[in-house]
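The values are calculated or read from the model by the stated rules, or taken from the named source; none is laboratory data. Just so it is clear, the structure is predicted and the values come from calculations on it, not from any experiment. Note: ideal-geometry Cβ built from the backbone for every residue, glycine included; neighbour counts use all protein chains shown. Side chains are part of the model used for accessible areas, which takes the heavy atoms of the whole protein and leaves out ligands, DNA and RNA. Shrake-Rupley method; radii C 1.70, N 1.55, O 1.52, S 1.80 Å.
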Amino acid sequence: MKIKLIFRIFTFMLAVGFISCSHYLELQKNPNESSSEGKSHNAGEDCGSCHNKNGSEAANNAWWTVAGTVYRSDGSIQKNAVIEFWEKPGKKGALIKTLITDSDGNFYTNQIINYNNGCSPAVNVGLKSKSMDTTTFNGVSCNSCHGLNRSRITLD
């Protein structure tokens, strides 16, 4: 009797887990990422305020797992910047993910990214590069800090 109860509880928990993850499975089937030819909106805004599981953009396959905006030092947007997410600061360890800014300077993806215990983002334009020197970044909206309580992400 006790084994049947444990089995039923386990089966219920497994079913709940599968149902709650179904949106993640759908995201993986339909990748949506920034590209140099792409166009987006609201450069500099906190992407995570709308592009989240409860936000207005979630139904449009636009639930971002990481997103942000890159600028030039003169304040204009930086097109075609390459954003890399590294395991360790200084572009060391494993390269976890690479994104490219679109024509509005934004980068984003709906793909699930395994940051393990955090990562160190790096922005690259041509031969120039700028990195975060910590591994505390765990995804979502870079603009929730940069442009608000930290300087914008800039690189010429």
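Given (1) of a type in the set (V, I, T); (2) open to solvent by less than 20 Å² (accessible area, probe 1.4 Å); (3) more than 15 Å from the chain's Cα centre (by Cα), identify the lone condition not met by V125.
Only one criterion is unmet by V125, namely (2).
Of all residues in the stretch 134-156, which are touching a strand residue (DSSP E or B) at 6+ places or on another chain (Cβ under 7 Å), modelled with pLDDT of 80 or more and small (G, A, S)?
S141
Could you tell me whether the stretch 129-139 includes any residue that is closer than 20 Å to N30 by Cα and in a helix (DSSP H, G or I)? Lay out the reasoning, then the answer.
The initial filter retains those residues of the stretch 129-139 that are closer than 20 Å to N30 by Cα, namely 139.
From the residues that got through so far, the ones that are in a helix (DSSP H, G or I) too are none.
Scanning the stretch 129-139, I find no residue that is closer than 20 Å to N30 by Cα and in a helix (DSSP H, G or I), so the answer is no.
When D133 is evaluated against the numbered criteria (1) within 17 Å of A94 (Cα to Cα); (2) buried (at least 16 other Cβ atoms within 10 Å of the Cβ), which criterion, by number, is the only one it fails?
(2)
Quick check on my filter: what residues within the stretch 38-91 are open to solvent by less than 70 Å² (accessible area, probe 1.4 Å), touching a helix residue (DSSP H, G or I) at 6+ places or on another chain (Cβ under 8 Å) and of a type in the set (D, E, K, R)?
Answer for the stretch 38-91, where residues must be open to solvent by less than 70 Å² (accessible area, probe 1.4 Å), touching a helix residue (DSSP H, G or I) at 6+ places or on another chain (Cβ under 8 Å) and of a type in the set (D, E, K, R): just D46.
If R8 meets every condition in (1) among the charged types (D, E, K, R); (2) modelled with pLDDT under 90; (3) exposed (fewer than 10 other Cβ atoms within 10 Å of the Cβ) apart from one, which number is that one?
If we test R8 against (1) among the charged types (D, E, K, R); (2) modelled with pLDDT under 90; (3) exposed (fewer than 10 other Cβ atoms within 10 Å of the Cβ), just (3) comes out false.
Of the residues that sit in the stretch 102-116 and are β-branched (V, I, T) and under 22 Å from T134 (Cβ atoms), which one is least open to solvent (accessible area, probe 1.4 Å)? Quick ask: steps written out before the conclusion?
Here is the first cut: in the stretch 102-116, the residues β-branched (V, I, T) are 109, 112-113.
Then keep just the ones that are under 22 Å from T134 (Cβ atoms); that gives 109, 113.
Values: T109: 0, I113: 24 Å².
Here the residue is T109.
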